[in-house]
Amino acid sequence: MIGYVTVGVSNMDKAKAFYSELLADLGAKVLMDMGRIAFIGSTMDAPMLSVCIPYDENDPSPGNGNMIAINPGSKEKVDALYLKAIALGASSEGEPGQRVPDVFYGAYIRDPDGNKIAFYEFG
């Protein structure tokens, strides 16, 4: 149902490099680059993440309560993505851990522009 989600960024080259490297192990890469917006994913038929310079050319500003959640497929991959994001310059918003017993395992980061990302596994 979701085609893509978009986050505003201040530097396209930095954002494309951050997300391409972060999500490479999930098969993601820049699939389409149109200058002020680029789409990152595994195929054009699967949900994608896009990064863009805001259309109004004002500074990007993450929304309070907005978050992108990525399910990499296991708790171990949640841990790995969290550590990789931190190594790539993200800041921690919550280390990996069981949030709801036997239901939800998650970790939270903010990308270099302040966008909040969750990595999670149900079960």
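Computed from the coordinates by the stated procedures, all read-outs in this text should not be read as laboratory data. What you see is a predicted model, and the numbers here were worked out from it, not measured in a lab. As a convention, Cβ positions derive from the backbone with ideal geometry for all residues, glycine included, and neighbour counts pool all protein chains shown.
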task = Select, from Asp111, Asp79, the only residue that is crowded, with 17+ Cβ neighbours inside 10 Å and in contact (Cβ under 8 Å) with a residue 60 or more places away in the chain.
result = Asp111
query = From the list Met44, Met48, which one is surrounded by fewer than 13 Cβ atoms within 10 Å (Cβ to Cβ), of a type in the set (A, V, I, L, M, F, W, C) and out of contact with any Cys (no Cβ under 8 Å at 6 or more places or on another chain)?
reply = Met44
message = Going through Asn66, Asn71 one at a time, which residue ends up being within 30 Å of Val100 (Cβ to Cβ), loosely packed, with under 12 Cβ neighbours inside 10 Å, touching a residue at least 24 places away in the same chain (Cβ under 8 Å) and not small (Gly, Ala, Ser)?
response = Asn66
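Check region 9-24 and report whether any residue there is farther than 19 Å from Gly106 by Cα, touching a Leu at 6+ places or on another chain (Cβ under 9 Å) and in contact (Cβ under 8 Å) with a residue 12 or more places away in the chain.
Filtering region 9-24 down to residues farther than 19 Å from Gly106 by Cα leaves 9-18, 20-21, 24.
Next cut, touching a Leu at 6+ places or on another chain (Cβ under 9 Å) only: 17-18, 21.
Right, trim to in contact (Cβ under 8 Å) with a residue 12 or more places away in the chain and you get 18, 21.
The answer is yes; a qualifying residue exists.
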